[in-house]
1. At least 2 residues that are charged (D, E, K, R) in each: list the strands (runs of 3 or more DSSP E) lying fully within the range 129-237 that qualify.
2. Tally up the residues in the range 240-287 that are farther than 18 Å from Arg206 by Cα, within 12 Å of ligand 1 (Cβ to nearest atom) and open to solvent by less than 10 Å² (accessible area, probe 1.4 Å), please.
3. Got a sec? Which strands (runs of 3 or more DSSP E) wholly within the range 1-67 have at least 1 residues that are within 16 Å of ligand 1 (Cβ to nearest atom) and surrounded by fewer than 24 Cβ atoms within 10 Å (Cβ to Cβ)?
4. Kindly provide the set of residues from the range 184-211 that are over 12 Å from Phe255 (Cβ atoms) and open to solvent by 50 Å² or more (accessible area, probe 1.4 Å), ordered by number.
5. Scan Ala101, Ala129, Ala97 and give me the residue that is open to solvent by 10 Å² or more (accessible area, probe 1.4 Å), more than 16 Å from ligand 2 (Cβ to nearest atom) and modelled with pLDDT of 95 or more.
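The values are calculated or read from the model by the stated rules, or taken from the named source; none is laboratory data. Bear in mind that the values here come from a model prediction, so they are computed numbers and not experimental data. Note that we place each Cβ from the backbone using ideal geometry, even for glycine, and neighbour counts take in every protein chain shown. Just so you know, the surface numbers come from the protein's heavy atoms only, side chains and all, with ligands and any DNA or RNA stripped out. Shrake-Rupley method; radii C 1.70, N 1.55, O 1.52, S 1.80 Å.
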Amino acid sequence: MKILAFETTCDETSAAVLDGRVLRSNSVFSQIKLHRKYSGVVPELASRAHLEKMPFVLGSALGGAGIKLPLKPGAVDAVAFSRGPGLPGALMVGRVAAEAAAELAAAPLIGVSHLEGHLLACEFENGRASRPLDFPLAALIVSGGHTELWHARGYGDYRVLGRTRDDAAGEAFDKVAKLLGLPYPGGPEVEKEAAKARGKIHDFPRPFMAGTRDFSFSGLKTSVSYYLAGRLGQDFYKRGLRLPPAARAMVCRAFQNAVVETLVKKTADAARSLGLRRIAIGGGVSGNGALRAAFSRLEGFEVRFSEKAYCSDNAAMIALCALRRLETGRFRNSLRVAPELSVPGW
Ligand code: KG4
Ligand code: ZN
């Protein structure tokens, strides 16, 4: 079973070929450099860049899998793509590429949830989908656009327990990085800075929000902004005033501590209340070392993460979602039925 997959939800253009459980190729072009000068993703530029890079990314993914262009009928057994959630123009590029490939290969077309992709990315190990998830489990998806907590009962059987009411965890990292004068994407930069912090660490409030499993990170970001205004004066951002390195590192550590503690506590509380012993974490923010360490310290849970290479957006995870769906013979939310982008299950 060979699956060709496309991923274009945000600022990574990616194509991959999964052959049974073996990942033959996973070609990713990151648009980070393009968006960096705007401190965030510019949707129109992202769509154009997907369009421009897709032929090369696809060529490299097919080449890596020993598949020749033009695609011939039977060259692959299925074609998958991220049907959302994501930027509408960017999604369209992946979808059109997938439709064309499916037509040429005379293969079925399967649209999958990008967020499910982040969860199933945990199954890859050394280029093979060799570590199937054990269900049921609590799944935490933390990316630039989403913070979602699911009760995952099996492949395609996901119930949303909570999600962010405002900023996603990754978005909060990106915005705080911007306030501190660090480049986009902010997550890895904040993590690097936090590691340099020494001495007493300021305590930002933890947005636990009692009584709900939802998340909220915009208040935390505002706390950071007030703290900076207190140190540097109102209008500090406009006036180009930034903290000296040691203070900046301390703010990064304090902010990261607050996000990590909130994600770990809310996930563990939800898992405990449902009697779940397993937790799986995916998405760009799950590459954060402090978050991984804090989850690993949790007692009484078996915790899984994606390998770091598969935390951020990639088409390998999209191919794997399609494989799991084909294996279980379920297509409910594929292209054959109008996609419900906000519903994570099939
Ligand atoms: O999953 P992803 O690659 O794309 C989306 O689906 O959004 O996630 C990107 C997000 C960005 O906000 C980025 O700052 C964040 O993940 N991120 C991190 C780290 N690496 C990436 N956040 C915290 N720590 C990191 N090491
Ligand atoms: Zn993503």
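1. Working: elements: 137-142, 147-154, 157-163.
Passing ranges, in order: 147-154, 157-163.
2. Counting residues in the range 240-287 that are farther than 18 Å from Arg206 by Cα, within 12 Å of ligand 1 (Cβ to nearest atom) and open to solvent by less than 10 Å² (accessible area, probe 1.4 Å) gives 4.
3. Numbers: elements: 2-7, 12-19, 22-30.
Output list reads 12-19, 22-30.
4. Pro188, Lys192, Ala195, Lys196, Arg198, Gly199, Lys200, Phe208, Met209, Ala210, Gly211, listed by residue number.
5. Only one candidate passes the filter, namely Ala97.
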